[in-house]
Amino acid sequence: MNFNEDIQISIIRLFTGEASPEEKKSIRAWLNQSDENKQLYNELKDLWLASGIKTNADKYNLEQAIQEFREKAGYKKQQNDGRLVIFNVLKYAAIFLLIVGIPLSYFAGKHNNIVDSFSTVTCVLGDKSMIYLPDSSKVWLNSGSTLQFSNNFKKGERQVFLEGEAYFSVVKDKKNPFTVKSGDIQVEVLGTEFNLKAYPDENHVSATLVEGSLKVSGLENPTIIKPGQKLKYDNQTKEMALFELSDTSPETEWKDGRLVFRNESLEELEKKLERWFDVDIVLADDQVKKRRYTGTIERESILEVMSYFSLAQSVEYKIDGNKVTFFNQSNK
């Protein structure tokens, strides 16, 4: 287990939203080294979310916090009990993050017209995460997603900001409305369960309602969604479309560790598989892109899943490091 200072700082920067693409890549590589690393990552995330302390740290306090973190972390790493070592490093990392991250969050918050500080939760590619918000609402984050919420969350309007995909189970509180903001879209909630998908690299935002009611507002007039309905918002045309769903599982079961797809082409599945397994997928030709599949992926390895796609139809694949290429058998 290698929990060096570079990884510690990279994780802290990830939680504050300041991590570079190279740092995110190093964190993914570190997480893939062992289940213990994943557990430690989750412990740090939980410590950060549970900290709940507020401070108006100035430059002097910030520098002092950095120095204290490095001294404490360096001292603890020399102890004999590995598990205790990591726990103490995480503890001081959480304190460091709290003091350093809040000023960063404050300035980021001003960009979004938020006057108080806020917390940021990031779920790396290839992973899933579940968190409790301060009002006890539950949020499941899908791979490559980020959620932000105010540290004054329970006072007045409960507002969160989403980039990526999340499933919400919202606690009812009529006096304090719950809203989710993502790009041009704002979702207003009373008490309900719904899925919101809003990845910045996709052309559409989609909201699928399981229970309760939603009001989705964009640049057009707001639309009310009923259970079993899915709304799609086109980021380019700014238009909304409402669909009736006979089965919501393809939209929601990712939170339970199952990737469900119904008559979807490989081209439609490409982004989902990339995020699910943290790989780069290449579809070699148009014929491969149009191959359609129905099925459920549940905790299978990348090799098992690729074999499924190649056995189901006349499609072959090759894996080169983190890159998976699909091609027709006739194009070998």
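The values are calculated or read from the model by the stated rules, or taken from the named source; none is laboratory data. None of the values given here were measured: they were computed from a predicted structure. With ideal geometry, Cβ positions are generated from the backbone for all residues, glycine too; neighbour counts draw on all protein chains shown. Heads up: the accessible areas ignore ligands, DNA and RNA and are worked out on the full protein's heavy atoms, side chains in. Shrake-Rupley method; radii C 1.70, N 1.55, O 1.52, S 1.80 Å.
General observations
- Residues being more than 12 Å from VAL124 (Cα to Cα), open to solvent by 30 Å² or more (accessible area, probe 1.4 Å) and of a type outside the set (Gly, Ala, Ser) - total across region 275-284: 2
- Filtered by the rule that a residue be acidic (Asp, Glu) and either within 25 Å of GLU253 (Cβ to Cβ) or touching a Cys at 6+ places or on another chain (Cβ under 9 Å) (or both), region 205-233 gives a lone residue, GLU211.
- Of all residues in region 288-305, those being modelled with pLDDT of 85 or more and over 18 Å from TRP254 (Cβ atoms) number 5.
- Cβ-Cβ under 8 Å pairs, at least 6 apart or on other chains, region 306-321 side at pLDDT 75 or above and surrounded by 13 or more Cβ atoms within 10 Å (Cβ to Cβ), far side assigned to a helix (DSSP H, G or I) and aromatic (Phe, Trp, Tyr): VAL315/PHE309; TYR317/PHE309
- The single condition among (1) open to solvent by less than 40 Å² (accessible area, probe 1.4 Å); (2) at pLDDT below 90 that LEU147 does not satisfy is (2).
Rundown of residues vs (1) touching a strand residue (DSSP E or B) at 6+ places or on another chain (Cβ under 9 Å); (2) surrounded by 15 or more Cβ atoms within 10 Å (Cβ to Cβ); (3) more than 30 Å from GLU244 (Cβ to Cβ), yes/no style:
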residue: LEU125; (1), (2), (3): no, yes, yes
residue: MET130; (1), (2), (3): yes, no, no
residue: SER143; (1), (2), (3): yes, yes, no
residue: TYR167; (1), (2), (3): yes, yes, no
residue: THR179; (1), (2), (3): yes, yes, no
residue: GLY191; (1), (2), (3): yes, yes, no
residue: LEU196; (1), (2), (3): yes, yes, no
residue: VAL205; (1), (2), (3): yes, yes, no
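- Candidates are the residues of region 174-219 that are without any contact (Cβ under 8 Å) to a residue 60 or more places away in the chain and hydroxyl-bearing (Ser, Thr, Tyr); the one that is nearest to GLY156 (Cα to Cα) is THR179.
- All positions within region 217-246 that are open to solvent by 80 Å² or more (accessible area, probe 1.4 Å) and of a type in the set (Phe, Trp, Tyr): PHE243
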